[in-house]
Amino acid sequence: MTALKEKLASQISPMRSRVKSLIAEHGERKLSEVSVANLYGGMRGVKSLVTETSAVDPQEGIRFRGYSIPEIRERLPRAEGGGQPLPEGLFYLLLTGEIPGADEVREITAGWRESEALPAHVKACLDALPTDTHPMTQLSAGILALQHDSIFARRYQAGMPKTDYWDPAFDDAMLLIGRLPLVAAYIYRRSYKGGDHLPPDPGLDWAANLAHMLGIENPEFRELMRLYLTIHADHEGGNVSAHATHLVGSTLADPYLSLSAGINGLAGPLHGLANQEVMRWIVNVKEKLGGGVPSKEQLTTFLWDTLNSGQVVPGYGHGVLRATDPRYIAQREFALKHLPDDENFMIVRMLFDLVPEILRQHGKAKNPWPNVDAHSGCLLVHYGLTEYDFYTVLFGVSRAIGVLSSLVWDRALGLPLERPKSVTTDWIASECAS
Ligand SMILES: CC(C)(COP(=O)(O)OP(=O)(O)OC[C@H]1O[C@@H](n2cnc3c(N)ncnc32)[C@H](O)[C@@H]1OP(=O)(O)O)[C@@H](O)C(=O)NCCC(=O)NCCS
């Protein structure tokens with residue numbers, strides 16, 4: 001058993017007892033109310049899920065097991081000579097609540113990389129899709145094809161006690177996360193590089209190897225991938241990718257089926273797809289103006305045109321946050337250090353100065369500040385990853401770390417089938433009339 005699995009195993013029993021006594025002592029305690037507006041308003045703010053791995057404060061943003069993004073950037077182990085946290089360390093933190101040392105992180109890297117060959121049927125499944133199939137569709141299909149190797153599904157079929165569920169869920173998470181960069185790179189190279197695939201480099205950490213298999217051999221891009229794959233991993237439990245993974249997992253569908261569901265949610269333009277929309281928006285502005293960095297006045301006109309035509313400004317606003325997303329700030333700091341004069345970064349900076357005030361004047365968005373997706377595109381383009389449709393795949397590879405960590409805890413705590421009560425508009429109307 002690895003150090004991580006042993007640590008997890010030691011935490012499960014005390015956590016089960018803690019939850020059991022909370023329910024026994026406070027089971028009837030009300031934590032939230034549900035209004036008619038909530039029912040029609042996407043359940044914003046209704047406390048109805050338990051997620052251990054992270055929590056979002058509207059002003060402060062995400063905290064992973066209590067640690068802010070600046071704190072994890074400071075405290076999580078880094079690659080040799082690197083300045084960014086390794087996603088392997090975040091996985092350890094999300095699962096256990098503890099900051100790992102370099103040895104624990106090395107062990108996770110080794111675990112993720114040990115069975116990373118992509119089975120032939122997975123390649124065949126992806127190859128059966130037209131190369132212009134959206135990369136997120138391919139990612140979801142690739143994850144489903146990998147499900148053939150689910151240990152959870154096999155053990156469940158063979159008969160396993162409920163108390164053991166977490167164990168094969170963990171094993172599936174390890175194998176699946178280990179293979180995701182291979183799936184992502186396979187999609188990228190078949191869709192955009194004529195199927196000229198690159199073998200993994202066994203000497204690299206998980207994120208750097210993804211950078212390598214994409215075909216971008218730049219140490220700064222490796223650093224970007226480490227940062228990117230860390231900060232996109234988790235955003236508490238109610239966002240669509242996390243919630244969908246959790247919901248499908250509550251049927252005891254295995255981690256592959258559950259993650260695929262989450263990835264399908266991430267593929268929506270109001271969720272993860274916004275990162276590709278941001279770059280498309282910027283390029284569209286540049287094309288219309290004949291290239292270069294537009295003036296403030298020109299950008300302002302474009303922003304109002306977008307809003308007046310009934311579209312959203314991509315990368316701005318959030319379901320929960322009410323301040324600038326710390327994940328945006330982390331990427332901005334990276335850009336200020338590594339690419340301060342990049343043309344697209346200059347536009348992203350100008351948008352940061354302009355959009356909040358314009359959205360305030362527009363008067364609809366509750367949060368006029370940038371979210372995580374407002375920044376990533378310009379960084380990726382800078383290093384040569386210019387295929388916008390692919391960006392959400394990177395988000396998905398990262399998100400797997402968070403939602404699968406949560407799924408392991410869902411099974412460890414024996415959380416039941418999720419089945420909220422729905423009501424009809426007639427029922428609401430009659431309830432309100434009484
Ligand atoms: C993220 C997002 C989906 C959150 O949705 P939400 O919680 O419903 O947001 P709000 O409560 O602030 O929405 C209230 C109104 O403001 C509008 N609004 C929110 N963000 C907006 C934006 N960036 N541009 C224009 N209008 C926006 C909404 O469309 C909504 O309009 P409506 O009443 O006509 O339906 C929304 O801000 C958005 O669409 N942003 C752009 C897409 C994006 O960046 N997504 C990535 C999220 S990480």
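Side notes on the structure shown:
- Residue check, Thr137 part of a loop (DSSP other than H, G, I, E, B) and within 22 Å of the chain's Cα centre (by Cα): no
- Test result for Gln331, polar (S, T, N, Q) and crowded, with 23+ Cβ neighbours inside 10 Å: yes
- Cross-chain or 6+ apart pairs with Cβ under 9 Å, the range 277-290 first and farther than 11 Å from Tyr388 by Cα, then of a type in the set (D, E, K, R) and part of a helix (DSSP H, G or I): Lys286/Glu343
- Residue in the range 416-424 that is in contact with a Ser or Thr (Cβ under 6 Å, 6 or more places away or on another chain) and more than 16 Å from the ligand (Cβ to nearest atom) present: yes
- Among the residues of the range 140-168, those that are open to solvent by less than 20 Å² (accessible area, probe 1.4 Å) and assigned to a helix (DSSP H, G or I) comprise Ser140, Gly142, Ile143, Ala145, Leu146, Phe152, Pro168.
- Scope the range 298-323; condition assigned to a loop (DSSP other than H, G, I, E, B) and buried (at least 20 other Cβ atoms within 10 Å of the Cβ); matching residues: Val313, Pro314, Gly315, Gly317, His318, Leu321
- Failed item, numbered, when Pro255 is tested on (1) within 30 Å of Lys162 (Cβ to Cβ); (2) of a type outside the set (Val, Ile, Thr); (3) open to solvent by 20 Å² or more (accessible area, probe 1.4 Å): (3)
- Residues in the range 34-47 that are within 18 Å of Pro58 (Cβ to Cβ) and more than 15 Å from the ligand (Cβ to nearest atom): Lys47 only.
- All positions within the range 36-56 that are open to solvent by less than 40 Å² (accessible area, probe 1.4 Å), part of a loop (DSSP other than H, G, I, E, B) and in contact with an Asp or Glu (Cβ under 6 Å, 6 or more places away or on another chain): Thr53
- Test: residue in the range 100-108 that is at pLDDT 95 or above, surrounded by fewer than 23 Cβ atoms within 10 Å (Cβ to Cβ), over 20 Å from the mean Cα position of the chain (by Cα) and outside any helix (DSSP H, G or I): yes
- Scanning the range 413-434 for residues that are within 30 Å of Thr53 (Cα to Cα) and either surrounded by 24 or more Cβ atoms within 10 Å (Cβ to Cβ) or among the acidic types (Asp, Glu) (or both) yields a count of 1.
- The range 268-291, subset open to solvent by less than 30 Å² (accessible area, probe 1.4 Å) and away from the ligand (no atom under 12 Å from the Cβ), residue nearest to the chain's Cα centre (by Cα): Met279
- The single condition among (1) in a helix (DSSP H, G or I); (2) surrounded by fewer than 21 Cβ atoms within 10 Å (Cβ to Cβ); (3) touching a Ser or Thr at 6+ places or on another chain (Cβ under 7 Å) that Thr131 does not satisfy is (1).
- Leu259 falls short on exactly one of the conditions (1) modelled with pLDDT under 95; (2) away from the ligand (no atom under 16 Å from the Cβ); (3) in contact with a Leu (Cβ under 9 Å, 6 or more places away or on another chain), and that condition is (1).
- Among the candidates Leu417, Leu407, the residue that is over 18 Å from Leu175 (Cβ atoms) and of a type in the set (A, V, I, L, M) is uniquely Leu417.
- Any hit, the range 11-19, residues being within 16 Å of the ligand (Cβ to nearest atom) and surrounded by 14 or more Cβ atoms within 10 Å (Cβ to Cβ): no
- Among the conditions (1) surrounded by fewer than 23 Cβ atoms within 10 Å (Cβ to Cβ); (2) under 21 Å from Leu270 (Cα atoms); (3) away from the ligand (no atom under 16 Å from the Cβ); (4) of a type in the set (A, V, I, L, M), the only one that Ala400 does not satisfy is (1).
- Condition met for Thr230 (touching a Leu at 6+ places or on another chain (Cβ under 9 Å), away from the ligand (no atom under 15 Å from the Cβ) and within 30 Å of Met160 (Cβ to Cβ)): no
The values are calculated or read from the model by the stated rules, or taken from the named source; none is laboratory data. Remember, it's a predicted structure, so these values are computed and weren't measured experimentally. We place every Cβ from the backbone using ideal geometry, glycine too, and count neighbours over all the protein chains shown. Accessible surface is based on the protein model in full, side chains and every heavy atom, while ligands, DNA and RNA are left aside. Shrake-Rupley method; radii C 1.70, N 1.55, O 1.52, S 1.80 Å.
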